[in-house]
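What follows is a set of notes on a single structure, which appears directly below.
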Amino acid sequence: MGRTERDASEGATRDAALKRRSAKRGTMSTVSSAVSETNAPAQGLQGAMPSGPGAVVGGVGSQAGAGDFTGHLFDALPDHVDVYEVGPRDGLQNERTILPLDAKLAMIEGLVDAGIRRIEITSFVNPRWIPALADHMEVATKLRRREGVYYSALVPNLRGLDSASRAGMNEVAIFMAASATHNRKNINKTTAQAFETYAEVCREALDRGMRVRGYVSCVFGCPYEGQVPFENVWQVARGLLDLGVYELSLGDTIGVANPRQVAWVLRKLLAEGVDLSQIAVHFHDTRGTALANVAVALQLGVRTVDSSLGGLGGCPYAPGASGNVATEDVVYMLEGMGVETGIDLDQLPAVSLEVASRLGRELPSKYTKAHVGHCARTGAAV
Ligand SMILES: [Zn+2]
């Protein structure tokens, strides 16, 4: 970042922090204020999801009431947000080119150097399912572990958990769709069967002193079922919490969510008694709404945001589409809003560009593109 660009951005950060502090003095903002507003927009919806593929959003818009956030905008914004990096797993598993081991290790090291403290490094699934992550054992065992960093890996079953445990993982993640059809097609299990498997996985992982994170995918829409009723989301979310997962990552797997829908789902979960500390959001930018969705989740007090370096990845249901929301774009927005991430934004573009060059394609991150353009204009080093 050049000097002028940095000064402007720092000024904006200070302004945002000042404004937020003075706003907080006026209206005391707490978690309960987010919860107490829960019923306002949802009442008129009568259990219907405001969107999903092919849904007519306007149909509920009139009932939801305009300006639900007016007067409350960004009151509940957290001071610090954990950016949970999923690029080495969610991103790379959806890339056509397989990144070699040394490039994966360098990517993870670069992200941790930049300040990432929670990162999913691979997936212990059968290499036949995901050839791009076939080197999971090497990634997990060769990676230098640093103090204060949580390294996680996805595990589909007890066998995966056992490998992850042997590889020294201290955290694993399990995944389940809120849509029954997606579970059947993606993990070849009914929802009940998936719960049986994960009950064993969780028990074993917790016994071994590991933390377990739970992904709920297709929360905001399913490629097979379209709209996913909230009851299905809640059934899976509650089931995973009952198994002992410490956090739910709510995924917009196919990138169809919009901000109003995000607010609606989050408020429903908070109203069910889920604590904000148990919620992470996971948006794909397939249709360009990911950052807007992040902003709304933050406004409701969510403190963990999943993202992927450079916006790595894609969507198996929409070839050519964007992947996860880009880490550097999220960090830029958060820091600009006065929310601390502990991540040095200046260090991210170089790591992102190196991965892009190893993959042989430009990555979607808007921040990195702007950074490259800025450097080209000023002659600064990228
Ligand atoms: Zn994802």
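List every residue pair whose Cβ atoms sit under 7 Å apart, with the two residues 6 or more apart in sequence or on different chains, where the first one lies in segment 221-236 and is closer than 17 Å to VAL274 by Cβ and the second, anywhere, is part of a loop (DSSP other than H, G, I, E, B) and of a type in the set (D, E, K, R).
From segment 221-236, the pairs are TRP234/GLU272.
(1) β-branched (Val, Ile, Thr); (2) crowded, with 24+ Cβ neighbours inside 10 Å; (3) more than 20 Å from VAL262 (Cβ to Cβ): which one isn't true of THR191, the others all being true?
The one condition THR191 does not meet is (2).
Take the residues of segment 77-94 that are surrounded by fewer than 19 Cβ atoms within 10 Å (Cβ to Cβ) and in a loop (DSSP other than H, G, I, E, B): which is nearest to the ligand (Cβ to nearest atom)?
The residue in question is PRO78.
Does segment 118-127 include one or more residues that are over 21 Å from ASP306 (Cβ atoms) and touching a helix residue (DSSP H, G or I) at 6+ places or on another chain (Cβ under 9 Å)?
yes
From the list VAL281, VAL351, pick out the single residue that is buried (at least 24 other Cβ atoms within 10 Å of the Cβ) and within 19 Å of ARG260 (Cα to Cα).
The conditions single out VAL281.
Being under 20 Å from LEU99 (Cα atoms) and within 16 Å of the ligand (Cβ to nearest atom) is the filter here; which residues of segment 327-358 pass it?
THR327
Go through (1) away from the ligand (no atom under 15 Å from the Cβ); (2) within 21 Å of SER123 (Cβ to Cβ) for CYS218 and report which single condition fails.
Evaluating CYS218 over (1) away from the ligand (no atom under 15 Å from the Cβ); (2) within 21 Å of SER123 (Cβ to Cβ) leaves (1) as the failure.
Are any of the residues in segment 315-326 touching a residue at least 40 places away in the same chain (Cβ under 8 Å), away from the ligand (no atom under 16 Å from the Cβ) and closer than 22 Å to THR122 by Cα?
No, segment 315-326 contains no residue that is touching a residue at least 40 places away in the same chain (Cβ under 8 Å), away from the ligand (no atom under 16 Å from the Cβ) and closer than 22 Å to THR122 by Cα.
Select from segment 288-303 the residues that are within 14 Å of the ligand (Cβ to nearest atom) and not small (Gly, Ala, Ser) and write down the one among them that is nearest to VAL245 (Cα to Cα).
Among those residues, the one meeting the criterion is VAL294.
Would you confirm whether or not segment 71-90 contains a residue that is farther than 24 Å from VAL201 by Cα and of a type in the set (Phe, Trp, Tyr)?
Within segment 71-90, one or more residues are farther than 24 Å from VAL201 by Cα and of a type in the set (Phe, Trp, Tyr).
Could you please give the count of residues in segment 325-344 that are in contact with a helix residue (DSSP H, G or I) (Cβ under 6 Å, 6 or more places away or on another chain) and under 12 Å from GLY110 (Cα atoms)?
1
Let's see how each residue does on (1) within 16 Å of the ligand (Cβ to nearest atom); (2) over 23 Å from ILE343 (Cβ atoms); (3) of a type outside the set (Gly, Ala, Ser); (4) surrounded by fewer than 20 Cβ atoms within 10 Å (Cβ to Cβ):
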residue: GLY244; (1), (2), (3), (4): no, yes, no, yes
residue: GLU247; (1), (2), (3), (4): yes, no, yes, no
residue: LEU250; (1), (2), (3), (4): yes, no, yes, no
residue: LEU270; (1), (2), (3), (4): no, yes, yes, no
residue: GLY310; (1), (2), (3), (4): yes, no, no, no
residue: GLY313; (1), (2), (3), (4): yes, no, no, no
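Yes or no: ARG184 within 16 Å of the ligand (Cβ to nearest atom) and surrounded by fewer than 20 Cβ atoms within 10 Å (Cβ to Cβ)?
no
Being touching a helix residue (DSSP H, G or I) at 6+ places or on another chain (Cβ under 7 Å) and either in a loop (DSSP other than H, G, I, E, B) or not acidic (Asp, Glu) (or both) is the requirement here; does THR97 meet it?
yes
Give THR327, THR289 a once-over and let me know the one that is crowded, with 24+ Cβ neighbours inside 10 Å and of a type in the set (S, T, N, Q).
Testing whether each residue is crowded, with 24+ Cβ neighbours inside 10 Å and of a type in the set (S, T, N, Q) leaves just THR327.
Scan segment 240-254 and report the pairs whose first residue is under 17 Å from ALA153 (Cβ atoms) and whose second residue is part of a helix (DSSP H, G or I) and more than 14 Å from the ligand (Cβ to nearest atom), with Cβ atoms within less than 6 Å and a gap of 6+ or a chain change.
As it stands, the answer is GLU247/GLN278, since those pairs meet every condition given.
Quick one: would you say LEU276 is touching a strand residue (DSSP E or B) at 6+ places or on another chain (Cβ under 7 Å) and either of a type outside the set (Phe, Trp, Tyr) or within 15 Å of the ligand (Cβ to nearest atom) (or both)?
Considered against the rule, which asks whether it is touching a strand residue (DSSP E or B) at 6+ places or on another chain (Cβ under 7 Å) and either of a type outside the set (Phe, Trp, Tyr) or within 15 Å of the ligand (Cβ to nearest atom) (or both), LEU276 comes out as no.
Against the definition (away from the ligand (no atom under 16 Å from the Cβ) and among the β-branched types (Val, Ile, Thr)), how does VAL256 come out, yes or no?
Here the answer is no, as VAL256 does not meet what is asked.
From the list TYR215, TYR224, TYR151, TYR246, which residue is aromatic (Phe, Trp, Tyr) and modelled with pLDDT under 95?
The match here is TYR224.
Yes/no matrix, rows are residues, columns are (1) part of a strand (DSSP E or B); (2) within 16 Å of the ligand (Cβ to nearest atom); (3) without any contact (Cβ under 8 Å) to a residue 12 or more places away in the chain:
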{"residue": "LEU111", "(1), (2), (3)": "no, no, no"}
{"residue": "VAL125", "(1), (2), (3)": "no, yes, no"}
{"residue": "ARG128", "(1), (2), (3)": "no, no, yes"}
{"residue": "ARG146", "(1), (2), (3)": "no, no, no"}
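The values are calculated or read from the model by the stated rules, or taken from the named source; none is laboratory data. Everything quoted here is computed from the prediction, not taken from an experiment. For neighbour counting, all protein chains shown are included, and Cβ atoms are generated from backbone atoms with ideal geometry for every residue, glycine included.
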